[in-house]
Amino acid sequence: MTKEMEFFTFLLEQYAAYKETTADIILKQFDNLNLTDFIMNMYEMYHSEAIQNAFDDIDLLIAEKSKKKSQKSGSCRQNQTCFFPKPRLK
């Protein structure tokens, strides 16, 4: 396993704990928003900073992608604040 993949696994598990859910739910969310490869490719930046910075960046990425996806589907109107709750363990 590459160092990038090891770190991605660590980041995924830590982010899931931060969001109080499981890594498989977070990975599905990343996949659904086409963020998995992007986040994995952020190794150089994420592994050299405080992990909270990575969490904050991922939160922003998810919010932006979710908003765009919702606007395309029509569930969130223009100039309307959309709320995207964090995934929860079922």
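The values are calculated or read from the model by the stated rules, or taken from the named source; none is laboratory data. All of these numbers come straight from a predicted model, not from anything done at the bench. Cβ: placed from backbone, ideal geometry, glycine included. Neighbour counts: every protein chain shown. Surface areas here come from the heavy atoms of the whole protein model, side chains and all, with no ligands, DNA or RNA. Shrake-Rupley method; radii C 1.70, N 1.55, O 1.52, S 1.80 Å.
Scanning segment 39-90 for residues that are open to solvent by 50 Å² or more (accessible area, probe 1.4 Å), at pLDDT below 80 and of a type in the set (Ser, Thr, Tyr) yields 73, 75, 81.
Give 22, 36 a once-over and let me know the one that is modelled with pLDDT of 95 or more, closer than 17 Å to residue 64 by Cα and in contact with a helix residue (DSSP H, G or I) (Cβ under 6 Å, 6 or more places away or on another chain).
36
Take segment 19-57 and flag every residue that is of a type in the set (Lys, Arg) and not in a helix (DSSP H, G or I). Passing the criteria: only 19.
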